[in-house]
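Okay, so here's the structure we're looking at.
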Amino acid sequence: MLLFLSPWLVGFSVFFGYPIVMAVYLSLNHYDLLSPPRWVGLANYRYLFTLDPQVGTAVKNTLWLVAVLVPAQVLFALGIALMLARARSGVGVFRTIFYLPALAPPVAATLGFVYILNPATGPVNALLGHLGISGPLWFQDPVWAKPSLVILGLWGVGNTMVIFLAAVLDVPRHLYESAAIDGANWWQRLRWVTLPSISPVILFAVVLGVIQALQYFTQAYVAANIASGQASQAADVTAASLGYPQDSTLFYPVLLYQHGFSDYQMGYASALSVVLLVVSFVVTLVIVVNSRRWVHQAGAVR
Amino acid sequence: MSAVPVTAPIVRRRLPASVRRKRFLLAVANHSFLIAAAIAFIAPFIFITLTALMTNEQALSARFWPHPFAWHNFVDVFRTAPLGRWTFNTLEYSVLGTLGLLLSSIPVAYALARLRFRGRNVMFMIVLVALMLPPQVSVVPLYVMWAKLHLVGTLWPVIIPNWFGDAFSIFLLRQFFLTIPEEYLDAARVDGLGELRVLSTVVVRLAKPAIAAVALFSFLYTFNDFFLPLLYTGENPHHWPLQIGLSQFRSLHQVQWNLTMAATLLVMAPVIVIFFLAQKAFVEGVTLTGVKG
Amino acid sequence: MKRVVIAAALAVAVGLAIATAAVGARHAGPTKLTVWVGWSAGKELVTFKQVAAEYDKAHSDVTLTVVGGITDQKITAAIRAGNPPDVVSSFNSYDVGIYCGTGAWLNLKPFMDKSHISTSIFPKATMYYTQYNGTRCALPLLADTYGLYYNSALFKKAHITHPPRTISELTADAKKLTQRNPDGSLKVVGLDPLIGFYENVPERWAQAYGAKYIDSKGHAILGKQAAWQKMMKWQKSLVDWYGYKNLVKFQAGLGDEFSTSNGFETGKLAMNMDGEWRVAFLANEVPKLQYGTAPLPVDDAQPDLYGSGYINGTIIGLPKGGHNVDKAWALVNYLTTNVHALSVLTNGLKNVPSTTASAKSKEIVPNAHFQTFIKIFNNPRSSTSPIMASGQSFTNLVQTFWQNYQAKGSKNLGADLTKLDSQLDAQVKQAGGGNGGGGVP
């Protein structure tokens, strides 16, 4: 039986336990992978919390994602699922259409959106122009860059939407019928029957969303790279494209990548990763401990 | 008032016209929203396709419709970038990774679901915790380790961890294994089969849909993976998988948007094709993740 | 049946693994040298490969493989991962502080001594940016300098008779040359002042204002010089004249810098600050375009700066961990000192020759536009960026600061610059301390 668990036990120690212990060790050193680690004590942490000009921005951006992207995706997916549940015809076709973008590889989807939202040559601003609206600069504007990423994120809610749809369709009919007898209108039915019944699934989606927000990297990296025009960087001198424009897309994992794999300050990057570990752990702990309070137990209505 | 016999047919009253009309209007509004949303969801695909068929100058202007249709863009893409090489690398990662993942995750999930041992629940909690922590947490020391092993620049650092089980797949499979009635397993055990044989003959056959879903998800995940391959093969174009190559596409010979969009479409296509071929497995797998408990 | 499937799958997996391993197997025979260079656009890589092919033919004991499109990030990644090529080359010197300071690129002094190469055969400016704290780990492989390109036809239409020499002339000309569409968006831009656009980076404009980055001890002094504030305020005023959003939108619609849709080549930019290599691109891609070249206009208060320019250049060296160091050095020696090789590269790339001997070579095809840049390179007041231990992060931080400023402005630019200085110093300290060895030439 130990044999059954052995692959995972080995994997866990090598790819999970060991790195975390090692990361703490490396975070107390200056290490650039060329010379042996040099002990610096808490210097990395001191730089992290007081001197790094970009850490504050990176933390704020990541928190923005948790506060804006996650609820937006959950609410949007829920809204579409509810509408689909009500629809009588064409549900299969609609479901496929809404699910398909979730399959698109993140790199491809981001590339597509950077082009579509190009303020000068993209179709979206061209369309808005025809309607007489002067479109924003999307990925070129620090105020609009994160909302553009949110729009990209909303395009890909197919996964969550399908789960919500299944859960909504699973709500026992008799609950609706007794609510109807009690004279409840659609909003009351939604608030007191549907939502409580699917609350475990909503919690699941929120947890998943928060976890993804804390590791958000690919879309930010690709969007910043392409939008800054540094994609043709082979001959280009400046590599200041991460976080383009003006650090508005500089999320914590992106900053970690920059310090660890662009500047090769592995000691400092380890310090950043230790902080991320602590924060993620606390966040998941908070959610798990409170899940009982937020989730309505199946069976008890109202 | 006379009592209505229980067996009498239930008479459905016709609802008043106002209620019927209101419900009809609501249904129309609902449908309209859905149609509008569907158009919004499809629009990006259409824009990308149209741009992929434009000439370079048209892609740089605010035109909607290509004129003429540059079908040869799709051929030019192959001439500009080594898509074949990239595809081979992606397949290497996906196939080797998925196989290893299945071989290692199934026994672990089974042990967590069915075998009784002390600390089983603790272990499951640890699996869940491992699922929730960002990969960036462990990435620096692991990179150092792979660098010392001289494997940075290849895809092995992303393939090999899959051979030791994957928390998400273990979770999914465990959920499914829990639903297998104990009787089937007991029947096999009574027949004298050891646990390994029970697993490989009875359980796997029963769990085919779940395993197919896990394999599909794993393939999809490895196909779309970007961060770890970027880290390990970013500086070695020979080993770039499709996603890395696509992200660097524009820096190859300063290629323009039209070819980039064509390449984007080509990279999106396999996943969408696989979806249509294996729809059932997809939907089942997705709902499996939402299974309560 | 199941066993057969599993066995087959395992066999496929093992087979794939073996196949990929075999592909990487080494062959015996002449030593294979891999050379990494940054060139990739237009005819540039072709030109370098031509030189490499000549060396290959002349030396039967080595075969060269040239890989183009290399960036500093790729170089550092390969060295740290332990699988570097034999020869590496970078387009700029920003990371020399890291390369030489950490030993990522080998110290070349022993090699130069053995081959009797003295630093006196190279121009003085190039010697500064190829060493750090006295350790020389790179040699220059052609140099770059920057000036002003202007569209002669557009100049004639706007009745401008000579290229601007001062910043105020530049501003006036830029405004005269700008054309707008009926809806207010920009059609032709006289000069795109946005930092981060094409070759617009702080250090090149700083050269025109005589603004320095560090003092002799290596501390950042942007807040202590009036030049930085004057320069940034001028740039912001020009940005505001165009409208920041208008410029961003205009830029987003331009083609890539090194493509045939380059903004200057397609006539959408009347003037552009660019490097000397653009002469080659223009000749190859739009030979009919009428244009002129001149040094970059300078601060009105410092007219004697006119004629100078920012200097940097491609550098080449030997990475730590390469396998065939002696043969690799022989190649580097050839590429950096052989007059014929340098002449071919100069003619093909239109980059500035990096030895005094090759600069006088008869093989170089004379070209009036290119002469402008040779003169700029030889001007005694031309200078380059400081070499810092924090490498590219140093210049990137300044650039990000300026990009924030050009978009949002600032209530107290002096105070902000002083804060930037302390951030730069902290960054250098975090990276390991030190500077290029006493100020910038």
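Does residue C:296 meet the test of being touching a helix residue (DSSP H, G or I) at 6+ places or on another chain (Cβ under 9 Å), in a loop (DSSP other than H, G, I, E, B) and either surrounded by fewer than 24 Cβ atoms within 10 Å (Cβ to Cβ) or of a type outside the set (Lys, Arg) (or both)?
Yes, satisfied.
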* Asked: Does at least one position in region B:220-227 carry a residue that is crowded, with 20+ Cβ neighbours inside 10 Å, of a type outside the set (Lys, Arg), in contact with a Gly (Cβ under 6 Å, 6 or more places away or on another chain) and in the same structural domain as residue B:114 (by TED's automatic domain parsing)?
  -> yes
* To do: Go through region A:102-112 residue by residue and tally those that are surrounded by 22 or more Cβ atoms within 10 Å (Cβ to Cβ) and within 7 Å of chain B (Cβ to nearest Cβ).
  => 6
* In this structure, is residue A:5 facing chain B (nearest Cβ under 8 Å) and either over 24 Å from residue B:100 (Cβ atoms) or part of a loop (DSSP other than H, G, I, E, B) (or both)? -> no
* Asked: With region C:205-288 as the region, which helices (runs of 4 or more DSSP H) entirely inside it contain at least 2 residues that are within 12 Å of another protein chain (Cβ to nearest Cβ), touching a Lys or Arg at 6+ places or on another chain (Cβ under 7 Å) and closer than 26 Å to residue A:143 by Cβ?
  -> none
* Just checking, how many residues over region B:113-142 are assigned to a helix (DSSP H, G or I), more than 8 Å from every other protein chain (Cβ to nearest Cβ) and either at pLDDT below 75 or surrounded by 23 or more Cβ atoms within 10 Å (Cβ to Cβ) (or both)? -> 0
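Working carefully through the options C:9, C:22, C:41, C:52, find the one that is farther than 24 Å from residue B:237 by Cα and either of a type in the set (Gly, Ala, Ser) or at pLDDT below 80 (or both).
On the way: C:22 fails: farther than 24 Å from residue B:237 by Cα; C:41 fails: farther than 24 Å from residue B:237 by Cα; C:52 fails: farther than 24 Å from residue B:237 by Cα.
Exactly one of C:9, C:22, C:41, C:52 is farther than 24 Å from residue B:237 by Cα and either of a type in the set (Gly, Ala, Ser) or at pLDDT below 80 (or both), namely C:9.
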* Asked: Restricted to region B:143-167, and to residues that are small (Gly, Ala, Ser) and touching a residue at least 40 places away in the same chain (Cβ under 8 Å), which residue is farthest from the other protein chains (Cβ to nearest Cβ)?
  -> B:167
* Quick one: residue A:122 ticks every box in (1) within 13 Å of chain C (Cβ to nearest Cβ); (2) in contact with a Gly (Cβ under 8 Å, 6 or more places away or on another chain); (3) over 22 Å from residue A:68 (Cβ atoms); (4) crowded, with 20+ Cβ neighbours inside 10 Å except a single one, so which number is it? => (2)
* Return a yes/no flag: does region A:33-50 have any residue that is within 29 Å of the chain's Cα centre (by Cα) and facing chain B (nearest Cβ under 8 Å). => no
* To do: Please enumerate the residues belonging to region C:32-54 that are hydrophobic (A, V, I, L, M, F, W, C) and outside any helix (DSSP H, G or I).
  => C:33, C:35, C:36, C:37, C:39, C:41
* To do: Find the helices (runs of 4 or more DSSP H) located wholly in region C:336-386 whose residues include 2 or more that are within 18 Å of residue C:119 (Cβ to Cβ) and of a type outside the set (S, T, N, Q), and list them.
  => C:339-349, C:356-359
* **Residue count for region A:26-45, restricted to those that are within 19 Å of residue B:137 (Cα to Cα) and surrounded by fewer than 16 Cβ atoms within 10 Å (Cβ to Cβ)** => 1
* **Residue that is nearest to residue A:269 (Cα to Cα), among those in region A:1-32 that are of a type in the set (Val, Ile, Thr) and touching a residue at least 24 places away in the same chain (Cβ under 8 Å)** => A:24
* Structure fact -> residue B:152 meets each of (1) crowded, with 21+ Cβ neighbours inside 10 Å; (2) closer than 27 Å to residue A:278 by Cα with one exception, condition (2)
* Restricting attention to region C:55-89, report how many residues are over 15 Å from residue A:262 (Cα atoms) and outside any loop (DSSP other than H, G, I, E, B). => 13
* To do: Filter region B:43-72 for residues that are within 9 Å of chain A (Cβ to nearest Cβ) and modelled with pLDDT under 85 and give the result.
  => B:59, B:60, B:61, B:62, B:63, B:64
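Would you list the helices (runs of 4 or more DSSP H) that sit entirely within region B:185-271 and hold 2 or more residues that are more than 12 Å from chain A (Cβ to nearest Cβ)?
Passing ranges, in order: B:208-224.
Matching residues to (1) under 15 Å from residue C:316 (Cα atoms); (2) away from chain B (no Cβ under 14 Å):
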site	(1), (2)
C:59	no, yes
C:65	no, no
C:100	yes, yes
C:105	yes, yes
C:116	no, yes
C:122	yes, yes
* Would you mention how many residues in region C:132-168 are crowded, with 20+ Cβ neighbours inside 10 Å and in a helix (DSSP H, G or I)? => 3
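Specify which of the listed residues (B:63, B:79, B:118) is among the basic types (Lys, Arg), closer than 30 Å to residue B:203 by Cα and out of contact with any Leu (no Cβ under 6 Å at 6 or more places or on another chain).
So the residue among B:63, B:79, B:118 that is among the basic types (Lys, Arg), closer than 30 Å to residue B:203 by Cα and out of contact with any Leu (no Cβ under 6 Å at 6 or more places or on another chain) is B:118.
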* What tally of residues in region C:108-131 results from selecting those that are surrounded by 18 or more Cβ atoms within 10 Å (Cβ to Cβ), under 17 Å from the mean Cα position of the chain (by Cα) and not in a loop (DSSP other than H, G, I, E, B)? -> 4
* Identify, please: which residue in region C:401-431 is out of contact with any helix residue (DSSP H, G or I) (no Cβ under 9 Å at 6 or more places or on another chain) and more than 9 Å from chain A (Cβ to nearest Cβ) and is, among those, surrounded by the most Cβ atoms within 10 Å (Cβ to Cβ)? -> C:425
* To do: Select from region C:138-156 the residues that are under 23 Å from the mean Cα position of the chain (by Cα) and of a type in the set (Ser, Thr, Tyr) and write down the one among them that is farthest from residue C:169 (Cα to Cα).
  => C:145
* Can you tell which of A:77, A:58, A:67 is surrounded by fewer than 23 Cβ atoms within 10 Å (Cβ to Cβ) and touching a residue at least 60 places away in the same chain (Cβ under 8 Å)? -> A:58
* Among the residues of region A:83-101 satisfying the criterion of being at the interface with chain B (Cβ under 9 Å from one of its Cβ atoms) and in contact (Cβ under 8 Å) with a residue 40 or more places away in the chain, which is surrounded by the most Cβ atoms within 10 Å (Cβ to Cβ)? -> A:98
* Would you please list the contacts, defined by Cβ atoms under 6 Å and residues six or more apart or on different chains, that run from a residue in region B:25-42 that is within 7 Å of chain A (Cβ to nearest Cβ) and more than 12 Å from residue A:98 (Cβ to Cβ) to a residue that is in a helix (DSSP H, G or I) and of a type outside the set (A, V, I, L, M)? => B:30/A:86
* Odd one out for residue C:344, checked against (1) within 30 Å of residue C:297 (Cβ to Cβ); (2) β-branched (Val, Ile, Thr); (3) surrounded by fewer than 23 Cβ atoms within 10 Å (Cβ to Cβ) -> (1)
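The values are calculated or read from the model by the stated rules, or taken from the named source; none is laboratory data. In this text, all values refer to a predicted model and were calculated from it rather than measured experimentally. Ideal geometry is used to build each Cβ from the backbone, glycine not excepted, and the neighbour counts take in all protein chains shown.
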